[in-house]
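Novice: Sending over a structure as structure tokens; questions will come in a sec.
The values are calculated or read from the model by the stated rules, or taken from the named source; none is laboratory data. Since the structure is predicted, the reported quantities are computational estimates derived from the model, not experimental observations. Glycine gets a Cβ as well: all are built from the backbone with ideal geometry, and neighbour counts include every protein chain shown.
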Amino acid sequence: MLAALGKDFPRVEQMPLGALPKDMRDATPELQHAALFKLQGENEAVLLGDRVASFNATRPYPGWSTFRARAMQVASALKESGHIANLDRYSLKYVNVIDSSKAAHPTAPFNLRVEATSCELSPNGFRLRFETKINGFLNIVEFASNATSNVGKEKLHGTLITIDAIMEAADTGFWSELEQRLNATHDVLEALFFDLLTSETISAMGPSYD
């Protein structure tokens, strides 16, 4: 892994859970998919654990073509390492903080209607989670108000939206169809994300497409 990815991810860091004995991690379900090491690059990182591997990119988002190329590089390095015995699932995840400072309610930037009969929802403690199936993908959608994100010198504050598009029926065809699988996952994730945003929110974000 280091030989294949060390040039682009030169800094290796042990995560806090990496110091725990493997027997303890194996015996604790909550720790079995935790990241133990991080390979850090510029605005991107690879996280590795006993049963998990992920590639993360932070702001500024490089665009899908660049992200996909790097994800394929990381996936290929994992396969060639010989450490992947079985592939149980794969996913893509969006994590975004949408400015809602001028909105009457944290759900205002979204195509989302939430009512609680006679109760008035507080903008400070709003939380919502739901799941939806699209094209065989399980999509976990979560909202949280009053969120703050610090990326470098940039500080974002607003409503957090995360969408995790998961394919649980992974199979050996994943490796030979890697690019097609990534594109299919991205298509579902992108369509759902923009469906959940109002046209005003999309215009304010000024998105570009590749």
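Novice: Conditions: (1) crowded, with 16+ Cβ neighbours inside 10 Å; (2) closer than 26 Å to Pro60 by Cα. Ser101 meets all but one. Number of the miss?
Specialist: Failing condition for Ser101: (1).
Novice: Residues in the range 120-134: is at least one over 22 Å from Ser199 (Cα atoms), under 16 Å from the mean Cα position of the chain (by Cα), surrounded by fewer than 14 Cβ atoms within 10 Å (Cβ to Cβ) and at pLDDT below 90?
Specialist: There is no residue in the range 120-134 that is over 22 Å from Ser199 (Cα atoms), under 16 Å from the mean Cα position of the chain (by Cα), surrounded by fewer than 14 Cβ atoms within 10 Å (Cβ to Cβ) and at pLDDT below 90.
Novice: To continue, here is another question. Can you tell me which residue within the range 182-207, out of those that are within 16 Å of the chain's Cα centre (by Cα) and charged (D, E, K, R), is surrounded by the most Cβ atoms within 10 Å (Cβ to Cβ)?
Specialist: Top of the filtered list is Glu190.
Novice: Quick test for you: out of Asp23, Asp88, pick the one residue that is under 25 Å from Glu168 (Cβ atoms) and surrounded by fewer than 14 Cβ atoms within 10 Å (Cβ to Cβ).
Specialist: Just a single option satisfies the conditions, and that option is Asp88.
Novice: Just one of the numbered conditions (1) surrounded by 15 or more Cβ atoms within 10 Å (Cβ to Cβ); (2) touching a Phe, Trp or Tyr at 6+ places or on another chain (Cβ under 7 Å); (3) within 15 Å of Leu178 (Cα to Cα) is not true of Lys79; which one?
Specialist: Among (1) surrounded by 15 or more Cβ atoms within 10 Å (Cβ to Cβ); (2) touching a Phe, Trp or Tyr at 6+ places or on another chain (Cβ under 7 Å); (3) within 15 Å of Leu178 (Cα to Cα), the lone unmet condition for Lys79 is (1).
Novice: Related question: Quick one: would you say Phe174 is assigned to a helix (DSSP H, G or I), outside the structural domain of Gly63 (by TED's automatic domain parsing), among the aromatic types (Phe, Trp, Tyr) and more than 23 Å from Pro60 (Cβ to Cβ)?
Specialist: The answer is yes for Phe174.
Novice: Here's something else I'd like to know. If you scan the range 135-171, which residues turn out to be over 16 Å from the mean Cα position of the chain (by Cα) and not in a strand (DSSP E or B)?
Specialist: Asn135, Gly136, Gly152, Lys153, Ala169, Ala170, Asp171
Novice: Let me ask something else. Hand me the list of helices (runs of 4 or more DSSP H) wholly inside the range 1-119 holding 3 or more residues that are in the same structural domain as Leu192 (by TED's automatic domain parsing), of a type in the set (A, V, I, L, M, F, W, C) and on the phi < 0 side of the Ramachandran plot.
Specialist: none
Novice: Also, I was wondering about something else. Give the range 129-156 a look and list any residue that's under 27 Å from Leu182 (Cα atoms) and touching a Phe, Trp or Tyr at 6+ places or on another chain (Cβ under 6 Å), or say none.
Specialist: Answer for the range 129-156, where residues must be under 27 Å from Leu182 (Cα atoms) and touching a Phe, Trp or Tyr at 6+ places or on another chain (Cβ under 6 Å): just Val141.
Novice: Looking at (1) modelled with pLDDT of 95 or more; (2) of a type in the set (D, E, K, R); (3) surrounded by fewer than 13 Cβ atoms within 10 Å (Cβ to Cβ), can you tell me which one Asp171 breaks?
Specialist: Result: Asp171 passes all but (1).
Novice: Suppose the filter is of a type outside the set (D, E, K, R) and surrounded by fewer than 16 Cβ atoms within 10 Å (Cβ to Cβ); does Tyr61 pass it?
Specialist: So Tyr61 passes the test.
Novice: Can you tell me which residue among Glu168, Glu190, Glu200 is within 21 Å of Arg70 (Cβ to Cβ) and either free of Cβ contacts under 8 Å to residues at least 12 places away in the same chain or not β-branched (Val, Ile, Thr) (or both)?
Specialist: None of the others qualify; the one that does is Glu190.
Novice: Could you give every pair whose Cβ atoms fall below 8 Å, whose first residue belongs to the range 64-93 and is of a type in the set (Gly, Ala, Ser), and whose second residue is assigned to a loop (DSSP other than H, G, I, E, B) and surrounded by fewer than 18 Cβ atoms within 10 Å (Cβ to Cβ), counting only separations of at least 6 or pairs across chains?
Specialist: Matching pairs, first to second residue: Ser65/Asp210.
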